[in-house]
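Only one structure is covered here, and it is reproduced in the block below.
The values are calculated or read from the model by the stated rules, or taken from the named source; none is laboratory data. What you see is a predicted model; the values in this text were computed from it and never measured. Note that each Cβ is placed from the backbone with ideal geometry, even for glycine, and that neighbours are counted across all protein chains shown.
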Amino acid sequence: MKQLLMLFLLLFSRILCAQETSVSGRIALPDSSSVSGATIVLVGTTAGAVSDNDGVYRIKIVKSGTYTLRVSLIGYETQEKQIEIARGNNSADFILKESSIDLNEVVVTGTKSEKMLKNVPVLTQVIYGQKMLDLGITNATAALQNMVPGLDVSYYGQRASITLQGMDSKYVLFLVDGERIAGEVNGDIDYSMLNMENIERIEVIKGASSSLYGSNAIGGIINIITKKITKSFEGKFYSRYSKYNELATGGGISLKKGIVGSRTSLDFNHTDGYDITPESSHDWTQNPYTSFSLNQKFEITPTSRLSFTPHTTYYQFVRGNVSARPAHDFYQDINAGLKGKYFFGNHSIDFSYYYDRYNIYNVLELLDNRKETVSYDIIQTIRTQGNFHISDKNNLIAGLEYNNESLFSVRNEGGLKSEREVVLYVQDDIQLGQLWNIVAGIRTSYHSSYGFNAAPKVSMLLKQGFMNFRASVGTGFRSPSLKELYMNFDHFGEWYIIGNTGLKPESSRYISGSAELLRPWNNSSVTVYRNAITDMITDRWLPDSVRLTRQYQNIASATIYGTDILSKQKIFDGFWISAGYSYVKSHDNETDLQLYGTTKHSGNISADYITRGKNNSFSAQIYFKLMGEKFYEITPEKTYIDKPFSTLKVTISDEYKWLRITAGVDNVFNVIIPENINFISPGRRFFIGLNIDFGKMGRRGF
Amino acid sequence: MKKIFYVLTLVIGLATGCSKENSNPPIQSKSFEVNSTSSTIWKYFSFAKNDTIVVSDPLTSEEWDLAFQRYRIKTNGGMSGSGQGSAANSYLKGQIGFDALKTVPDTATFSADASVNIAVQQGYATYVINPEIYTWFTIELATQGTQIVPSDYIFFIKTGDGKYAKVWFKSYYSATDLSGHVTFQYKYQPDGSKSLE
């Protein structure tokens with residue numbers, strides 16, 4: 001007993017000793033005014049803090065040694081400082097520099113590891129959630145369509161469908177915190193389930209330059225990174241209102257005490273809908289709908305070496321009925337997962353489990369609103385990934401992943417179908433001298449329906465002064481979807497579409513090169529790429545069948561090439577002009593036609609002005625978007641074309657302490673094109689938005 | 001005073017009662033949902049039976065009045081049958097139109113069944129249907145998939161055996177949201193007159 005007590009005391013004293021070690025300091029601007037809300041992390045551990053109203057932070061450290069401190073805040077340049085931490089209190093102050101170009105910002109998607117934007121060999125475009133709110137954008141698809149040249153959104157059956165670099169959504173992998181989400185309909189997830197309040201940033205990678213991800217990442221990857229819990233208290237509320245009773249509102253509360261952090265966020269959306277084609281009165285351009293999503297996340301850090309993040313989301317969407325049918329749609333999603341990270345030495349291990357179920361119901365209005373299941377989709381992913389810091393110039397990643405998807409659809413042969421996949425991936429990140437960074441990886445998988453598949457890739461970054469040159473060569477693939485394997489759709493006995501269990505994956509070879517200019521007053525990049533896809537799956541009439549039948553077959557192939565240009569130029573302090581342009585040429589080798597739904601030219605120009613005072617800030621933006629013709633070629637004679645259009649949006653935003661008011665005009669020129677399915681705007685609309693930051697209210701509030 | 005009122009009521013009651021006795025008893029408004037989900041089989045309907053019936057030879061039978069296949073509708077006449085079947089569009093719509101049409105006007109132009117070109121998945125196909133009733137719906141081809149939207153026109157139908165009815169085709173979807181279920185409301189005059197009250 002005595003011995004136990006001794007041991008306990010010993011341990012306790014160790015903990016007390018350990019608690020004495022810490023690092024603290026103050027975050028300030030060059031004029032020495034305090035910066036509150038900046039995030040300070042101890043790279044390679046779970047430890048971190050947020051600066052308080054006096055700009056002061058303090059991080060407790062278990063073990064002395066050499067650490068890297070990273071300070072970041074939106075609108076400022078991210079800074080890293082390596083410090084030697086001895087026992088006792090250590091000090092490290094930072095002076096932040098304002099910057100609209102933050103290339104020190106960390107991204108994760110391209111290499112499955114944290115890397116600064118300027119050092120990542122895979123060109124990544126980032127959209128910040130804060131920026132979206134500043135501009136009064138309250139959904140992810142609008143943000144993507146507006147801010148990513150070459151990304152286009154169309155609306156089929158009231159569901160948004162994206163195209164990236166000429167490739168439709170089947171070839172774009174959509175992730176939330178690196179996890180594939182359930183509920184795809186023809187390759188598109190239900191974008192309205194993305195909880196706006198929860199978005200920290202969206203990372204966009206074009207092309208198949210990251211093969212660490214599985215199926216669908218042929219055309220690109222869009223990864224939504226959700227907010228982390230950093231402060232002891234954070235409370236935010238936002239609301240945006242526009243014509244047709246369009247309301248987007250929500251809020252989030254983060255609390256952190258000791259080793260436990262909690263974050264709760266809620267999003268609510270409603271519109272009365274509108275119709276820009278009144279001649280078809282039962283088919284509105286935008287149906288009424290009401291949706292909400294509720295997200296709960298905990299971050300538990302029992303030690304500075306270990307963290308757990310359990311998280312769960314509930315979402316539902318009810319579409320109002322304006323059709324001639326006595327029924328309406330009801331969508332629902334329930335997901336839950338657990339992420340964990342353990343640091344040992346200079347290495348770390350990630351583990352995660354994710355479960356996601358998406359339900360589509362038909363609500364029968366004449367039968368007491370009985371819900372009938374149309375389909376449900378369940379995705380489960382278990383993953384473990386080791387991150388090995390072999391040396392300062394060599395980082396190795398190895399991961400093992402198990403994926404399982406089950407899809408029930410009334411249009412499936414036999415109803416419920418499932419597929420499984422085991423994946424092993426390895427990636428090595430090598431720094432050669434001062435100039436070259438090479439990331440090479442391979443993803444191998446064994447799939448329950450078609451067997452073995454391997455997809456290697458190499459990406460290179462050459463740094464020459466203020467220029468970055470990047471090159472990527474990679475292979476991508478897309479597994480046949482459960483629909484393509486098992487569909488059995490009887491079109492009233494007139495004709496049929498059937499699946500094909502003999503399908504193999506589509507594969508692609510991707511090559512791209514880019515040059516990037518990095519100056520404090522200009523950040524520009526030019527990318528050229530070529531993507532060749534073979535064994536494309538498409539449905540064709542079966543020649544010798546007794547009934548009219550279309551079946552999915554691996555028969556098509558396509559070649560796509562294009563260029564993307566992005567540029568951001570400072571005119572004077574706080575005033576920037578940005579422009580983007582994308583050109584895509586796509587060619588279906590089998591039919592000699594352009595790929596269905598290709599927009600050759602698209603671009604945008606925007607002017608941003610921001611001025612910051614001690615307690616307030618004011619920003620204004622003029623945003624101009626241009627879309628060229630969008631082609632839907634069925635035969636050389638039968639081509640539908642979405643007309644070219646341009647829209648102008650003006651937003652002003654004023655922030656005083658904890659309150660921010662945003663107002664603006666969408667579609668200033670009042671452009672209405674009822675024929676287009678990639679532009680469903682009902683014309684000019686004013687909107688007003690309100691943001692409250694409860695964390696800033698405090699003692700020295702208004 | 002009260003007595004006068006009672007007497008008056010009685011007189012009016014008798015008067016209206018008598019006038020009704022002179023004409024036919026009022027006919028009932030009925031509703032029927034026909035399951036015409038098949039795109040190969042025709043479903044035959046008889047007003048007199050208020051039900052679908054099995055017909056061995058539709059070209060010679062006078063028992064059926066309307067035939068349904070998906071959204072296509074026949075009458076028992078012209079190219080479809082040996083009866084007197086035909087139809088006319090009143091161009092009045094909905095409940096108001098249905099209530100307002102108390103008789104078949106002499107000006108109504110009845111058309112018998114004929115070949116009609118119908119837009120289908122692979123271009124056009126020719127079907128023998130009633131060209132007047134073909135206006136019972138419009139197709140809204142758009143974002144939420146193809147919809148059959150009733151035009152709400154009230155049609156006069158001449159049955160196989162030469163009697164009259166007024167019909168309002170109200171919906172193409174069953175309560176369980178299946179297409180190919182045509183629901184219609186009608187008043188059928190079995191005495192052969194043109195009165196539809």
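General remarks:
- Criterion (in a strand (DSSP E or B), under 29 Å from the mean Cα position of the chain (by Cα), surrounded by 15 or more Cβ atoms within 10 Å (Cβ to Cβ) and within 14 Å of chain B (Cβ to nearest Cβ)) met by exactly one of A:Tyr376, A:Tyr361: A:Tyr361
- Any hit, segment A:266-278, residues being out of contact with any Phe, Trp or Tyr (no Cβ under 8 Å at 6 or more places or on another chain) and either modelled with pLDDT of 90 or more or small (Gly, Ala, Ser) (or both): no
- Subset tally (residues that are assigned to a strand (DSSP E or B) and closer than 15 Å to A:Tyr155 by Cβ) for segment A:268-288: 3
- If you go through segment B:92-114 and keep only what is among the hydroxyl-bearing types (Ser, Thr, Tyr) and closer than 13 Å to B:Ile133 by Cα, you end up with B:Thr109, B:Ser111.
- Exclusive hit being in a strand (DSSP E or B), in contact with a His (Cβ under 8 Å, 6 or more places away or on another chain), under 29 Å from A:Ile692 (Cα atoms) and in contact (Cβ under 8 Å) with a residue 60 or more places away in the chain, set A:Ser291, A:Ser239, A:Ser265: A:Ser291
- Total residues in segment A:523-547, condition within 30 Å of A:Trp576 (Cα to Cα), among the polar types (S, T, N, Q) and either in contact with a His (Cβ under 6 Å, 6 or more places away or on another chain) or without any contact (Cβ under 8 Å) to a residue 60 or more places away in the chain (or both): 1
- Of all residues in segment B:167-186, those that are modelled with pLDDT under 95 and more than 12 Å from every other protein chain (Cβ to nearest Cβ) total 0.
Per-residue answers, yes or no, for (1) within 14 Å of chain A (Cβ to nearest Cβ); (2) aliphatic (A, V, I, L, M); (3) surrounded by fewer than 19 Cβ atoms within 10 Å (Cβ to Cβ); (4) touching a strand residue (DSSP E or B) at 6+ places or on another chain (Cβ under 8 Å):
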residue	(1), (2), (3), (4)
B:Lys74	no, no, no, yes
B:Tyr91	no, no, yes, yes
B:Phe98	no, no, no, yes
B:Asp106	no, no, yes, no
B:Ala114	no, yes, yes, yes
B:Gln147	yes, no, no, yes
B:Ala165	no, yes, no, yes
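- Comparison of A:Asn554, A:Asn523, A:Asn531 shows that the only residue that is over 26 Å from A:Ala454 (Cβ atoms) and buried (at least 18 other Cβ atoms within 10 Å of the Cβ) is A:Asn523.
- Every residue from segment A:423-469 that is out of contact with any strand residue (DSSP E or B) (no Cβ under 8 Å at 6 or more places or on another chain), over 30 Å from A:Leu482 (Cα atoms) and part of a strand (DSSP E or B): A:Gln464
Yes/no matrix, rows are residues, columns are (1) surrounded by fewer than 22 Cβ atoms within 10 Å (Cβ to Cβ); (2) under 23 Å from the mean Cα position of the chain (by Cα); (3) within 14 Å of another protein chain (Cβ to nearest Cβ):
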site: A:Tyr425; (1), (2), (3): no, yes, no
site: A:Ile430; (1), (2), (3): yes, no, no
site: A:Asn453; (1), (2), (3): yes, no, no
site: A:Ser459; (1), (2), (3): no, yes, no
site: A:Asn468; (1), (2), (3): no, no, no
site: A:Met487; (1), (2), (3): no, no, no
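- Selection status of A:Glu234, within 14 Å of another protein chain (Cβ to nearest Cβ) and charged (D, E, K, R): no
- Strands (runs of 3 or more DSSP E) contained entirely in segment A:27-131, each with at least 2 residues that are outside the structural domain of A:Leu306 (by TED's automatic domain parsing) and aliphatic (A, V, I, L, M): A:39-42, A:48-50, A:56-60, A:65-72, A:79-85, A:125-128
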